[in-house]
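What follows is a short report on a single structure.
The values are calculated or read from the model by the stated rules, or taken from the named source; none is laboratory data. Note that the coordinates shown come from a computational prediction; the quantities given were computed from them, not determined experimentally. Don't worry about glycine lacking a Cβ; one is built from the backbone with ideal geometry, like all the others, and counts go over all protein chains shown. Keep in mind that these areas ignore ligands, DNA and RNA; they rest on the heavy atoms of the full protein, side chains included. Shrake-Rupley method; radii C 1.70, N 1.55, O 1.52, S 1.80 Å.
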Amino acid sequence: YINFLFWLLFACFATLGALLRFGLGAISARYLLPYSAIPVGTFVANGLGSFLIGYLYSADLGLRSGLVPQLVTLLMVAFLGSLTTFSSFALDTMRMIQSGHLYSAMANVLLTNFTCFWLCYWGMTVKK
């Protein structure tokens with residue numbers, strides 16, 4: 001049963017994830033992007049989200065911790081769903097290709113995918 005309070009909390013958790021994503025982008029644009037060939041904010045957001053979703057999944061929050069399934073949904077779908085940014089990743093990569101930075105685009109795809117899969121795996125195993 002999903003009521004109005006759940007939808008309100010879902011919006012709040014999604015807002016927090018989006019604010020963290022925006023903050024990572026702003027910080028990286030200011031301090032890191034001038035020195036990097038890939039969009040660091042998107043990379044960090046996707047890496048952090050991959051680790052956290054792996055950790056939350058392996059922790060089996062709904063069963064072992066006694067947390068209600070709605071809280072797991074709030075964390076994994078609302079917060080992490082708005083934090084991670086596959087659409088931004090795709091757009092950033094396509095813009096690099098369109099601007100003639102093919103090697104940077106390939107590095108972005110390889111580095112992001114390898115890192116995010118590794119971080120998800122690490123998140124799943126860190127608690128064991």
>> Treating only the Cβ of Lys, Arg, Asp and Glu as charged (+1, +1, -1, -1), what charge dipole size does the stretch 11-128 show about its Cα centre? Round to the nearest 20 debye.
In response: 140 debye
> Could you give me the ³J(HN,Hα) list for the stretch 111-127, computed from phi with Karplus coefficients 6.51, -1.76, 1.60 and θ = phi - 60°, whole Hz, x at Gly and Pro?
Replying inline: 5, 5, 5, 4, 5, 5, 5, 5, 5, 4, 4, 4, x, 6, 9, 5, 7
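So what's the back-of-envelope 222 nm ellipticity for the chain, counting only DSSP H runs of four-plus at -39500 (n - 2.57) apiece and dividing by all residues, rounded to 500? Intermediate values should be presented prior to the final figure.
Working: 6 runs with 94 residues, N = 128.
For the chain, the value works out to -24000 deg cm²/dmol.
Measure off, as a whole percent, the carbon and sulfur share of the 1.4 Å-probe accessible area of the chain, all protein chains present. Don't skip to the answer; put the middle values down first.
Details: 6060 of 8230 Å².
Carbon-and-sulfur percentage of accessible area, whole number: 74.
Give the calculated FRET efficiency between residue 113 and residue 15 to the nearest 0.05, with a Förster radius of 25 Å applied to their Cβ-Cβ distance. If you can, show how the numbers build up before the last one.
Working: r = 28 Å, r/R0 = 1.11.
Rounded to the nearest 0.05, the efficiency is 0.35.
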> Using a basic spin-label model with each label point 7 Å from the Cα along Cα→Cβ, how many nm lie between residue 121 and residue 22?
Replying inline: 3.6 nm
> Among 4-17, 43-56, what's the highest-first ranking by average C-beta atoms within 10 angstrom per residue?
Replying inline: 43-56, 4-17
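Any idea what the alpha-carbon Rg over 2.2 N^0.38 Å comes to for the stretch 1-117? Walk me through the intermediate numbers first.
Numbers: Rg = 16.3 Å, N = 117, 2.2 N^0.38 = 13.4 Å.
Computed over Cα atoms of the stretch 1-117, the ratio equals 1.22.
Compute the length gained on full extension between residue 87 and residue 31: take 0.36 nm times their separation in residues and subtract their Cα-Cα distance, giving the result in nm to one decimal. Mind showing how you got there, number by number?
Details: separation 56, 0.36 × 56 = 20.16 nm, distance 2.30 nm.
The span from residue 87 to residue 31 would gain 17.9 nm if fully extended.
To the nearest 0.05, what FRET efficiency results for residue 7 and residue 103 with a Förster distance of 41 Å applied to their C-beta separation?
Working: r = 45 Å, r/R0 = 1.09.
E between residue 7 and residue 103, to the nearest 0.05, is 0.35.
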> When only Cα pairs under 8 Å and 6 or more residues apart are kept, what is the percent relative contact order across the stretch 31-128?
Replying inline: 51 percent
>> So, for the chain, what is the accessible surface per residue at a probe of 1.4 Å, expressed in square angstrom?
In response: 64 Å²
